[in-house]
Amino acid sequence: MREQMLAAEKVKALDWREGGLYLLDQRLLPQQEIWQRYETSTDVAQAIAQMRVRGAPAIGIAAAFAVVLAAQQHFVNGVNDWQAALEADFAELAASRPTAVNLFWALQKMRDCLDVAAQHAEPLVVLEQQALDILNADREANLSMAQLGLEVINRANAGPQHVMTHCNTGALATGGFGTALGVVRAAHAAGLLTCVHVNETRPWLQGSRLTAWELIGEQIPSLLNVDSAAAHLLQQGEITWVIVGADRITANGDVANKIGTYQLAVLARHHQVKFMVVAPSSTIDMQLSSGVQIPIEQREGEEILAIAGQRVAAQIDAYNPVFDVTPAELIDVIVTERGVVEQPNLENMQALMR
Ligand code: MRU
């Protein structure tokens, strides 16, 4: 199973080579596969803000390598107090997107190794290793979550399933082959999948452009539907699981994820369909007691008003929150690499993170 799953890593969101960060421009997929080399932290921060790289774990990993690039630049420029100079880079990266806590988690990991790096003959080696460790830990977490998620499905339902997923939680969103999509991949490899129903995920179309591209690449049976078809599909009774990722999970088990996730959870509960959230522990923010405290990113109305640069809406303003919060009581199970939390609440989330 491990080998079969790792084969899915042929799709990558990012790569670190010869002192540069390479990002696959996700705004252009699937029509064009364009990789670009990044050599400054500022350019990576912009790439994150512009959604060239997206998905909570991938954002965190890109930011970690951006810190390496920033330090590299300060050394080349002969900056004396490179640690102090990095503060502006940390601030710029932290401002790139507000909701996915993996960004802040990864920046903190990089910050935590600055003193050790400063003591080292070659500080860049230490920083680079820390970023690589973040990447590799995410790959391993994907593998563990796929296995654990598969066990949850196996325990709950017999035979092949129809599942629904939202946004893109696959190789393009992580350092490995994915969180929710990793579980979907494992279910397929185990012969447990009849069809993945992919919500197109307006307005950035992460479902129809990215998830569909990943699934088709591996010939995993899948069907695309508009977001508003979800209620109808769940009402039909074939779908047994809604499986999604997360951008931030608070101490009580509330989950921020791509806009539209909350309505799926409400629908799933109404139709007695199980609702699974799959996310690494780097997505868990025990500092926040509940989802109301999660900063929800608002993006330009233009993303809704126009399609591929062409205005389609009448002369109206748009409201464009890009994440929503699903209350813990609507979630049947949260799958992390540390273990599985059923019926999440403060107590069992604390036990998981202890
Ligand atoms: O705006 P995006 O594309 O970065 O949003 C991504 C999501 O909401 C994903 O579901 C989440 O980051 C988990 S990715 C493993």
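The values are calculated or read from the model by the stated rules, or taken from the named source; none is laboratory data. The structure displayed is predicted, hence computed values, not measured ones. Heads up, the Cβs are rebuilt from the backbone with ideal geometry, glycines too, and the neighbour counts pull from every protein chain shown. Heavy atoms of the whole protein, side chains included, go into the accessibility calculation; ligands, DNA and RNA do not. Shrake-Rupley method; radii C 1.70, N 1.55, O 1.52, S 1.80 Å.
Within the stretch 158-182, restricting attention to residues that are more than 10 Å from the ligand (Cβ to nearest atom) and in a strand (DSSP E or B), which residue is surrounded by the fewest Cβ atoms within 10 Å (Cβ to Cβ)? The qualifying residue surrounded by the fewest Cβ atoms within 10 Å (Cβ to Cβ) is 162.
Would you check which residues across the stretch 261-272 are open to solvent by 10 Å² or more (accessible area, probe 1.4 Å) and either within 15 Å of the ligand (Cβ to nearest atom) or among the β-branched types (Val, Ile, Thr) (or both) and list them? Talk me through it step by step, then tell me what you get.
Narrowing the stretch 261-272 to residues open to solvent by 10 Å² or more (accessible area, probe 1.4 Å): 262-263, 266-267, 269-272.
Passing the criteria: 262, 263, 266.
Set side by side, the residues 169, 194, 179 differ, and just one is of a type in the set (Ser, Thr, Tyr) and under 22 Å from residue 31 (Cα atoms), which is 169. Just one of (1) on the phi < 0 side of the Ramachandran plot; (2) in contact with a helix residue (DSSP H, G or I) (Cβ under 8 Å, 6 or more places away or on another chain); (3) surrounded by fewer than 19 Cβ atoms within 10 Å (Cβ to Cβ); (4) of a type outside the set (Val, Ile, Thr) fails for residue 339. It is (1). Restricting the stretch 217-252 to residues that are under 14 Å from residue 293 (Cα atoms), within 16 Å of the ligand (Cβ to nearest atom) and out of contact with any Phe, Trp or Tyr (no Cβ under 7 Å at 6 or more places or on another chain), which is most open to solvent (accessible area, probe 1.4 Å)? Only one residue tops the list, namely 248.
The single condition from (1) open to solvent by 10 Å² or more (accessible area, probe 1.4 Å); (2) under 20 Å from residue 178 (Cα atoms); (3) in contact with a helix residue (DSSP H, G or I) (Cβ under 7 Å, 6 or more places away or on another chain); (4) not charged (D, E, K, R) that residue 286 fails is (2). If we scan the stretch 103-111, do we find a residue that is among the aliphatic types (A, V, I, L, M) and within 16 Å of the ligand (Cβ to nearest atom)? Within the stretch 103-111, one or more residues are among the aliphatic types (A, V, I, L, M) and within 16 Å of the ligand (Cβ to nearest atom).
Just a yes or no: is a residue in the stretch 183-201 under 20 Å from the mean Cα position of the chain (by Cα), within 10 Å of the ligand (Cβ to nearest atom) and buried (at least 18 other Cβ atoms within 10 Å of the Cβ)? Checked against the condition, which is being under 20 Å from the mean Cα position of the chain (by Cα), within 10 Å of the ligand (Cβ to nearest atom) and buried (at least 18 other Cβ atoms within 10 Å of the Cβ), the stretch 183-201 yields at least one hit. Only one entry in 76, 44, 67, 53 is away from the ligand (no atom under 16 Å from the Cβ), in the same structural domain as residue 15 (by TED's automatic domain parsing) and open to solvent by less than 10 Å² (accessible area, probe 1.4 Å), namely 67.
So that you can scan it fast, the table gives a plain yes or no per residue for (1) surrounded by fewer than 19 Cβ atoms within 10 Å (Cβ to Cβ); (2) in contact with a strand residue (DSSP E or B) (Cβ under 7 Å, 6 or more places away or on another chain); (3) at pLDDT 95 or above:
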{"residue": "102", "(1), (2), (3)": "no, no, yes"}
{"residue": "108", "(1), (2), (3)": "yes, no, yes"}
{"residue": "117", "(1), (2), (3)": "no, no, yes"}
{"residue": "121", "(1), (2), (3)": "yes, no, no"}
{"residue": "133", "(1), (2), (3)": "yes, no, yes"}
{"residue": "138", "(1), (2), (3)": "no, no, yes"}
{"residue": "141", "(1), (2), (3)": "no, no, yes"}
{"residue": "150", "(1), (2), (3)": "no, no, yes"}
{"residue": "155", "(1), (2), (3)": "yes, no, no"}
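Please determine, by comparing only the residues of the stretch 199-214 that are assigned to a helix (DSSP H, G or I) and in contact (Cβ under 8 Å) with a residue 24 or more places away in the chain, which one is nearest to residue 6 (Cα to Cα). Only one residue tops the list, namely 214. Would you mind stating whether residue 23 is within 16 Å of the ligand (Cβ to nearest atom), assigned to a loop (DSSP other than H, G, I, E, B), open to solvent by less than 60 Å² (accessible area, probe 1.4 Å) and assigned by TED's automatic domain parsing to the domain that holds residue 108? It is false that residue 23 is within 16 Å of the ligand (Cβ to nearest atom), assigned to a loop (DSSP other than H, G, I, E, B), open to solvent by less than 60 Å² (accessible area, probe 1.4 Å) and assigned by TED's automatic domain parsing to the domain that holds residue 108.
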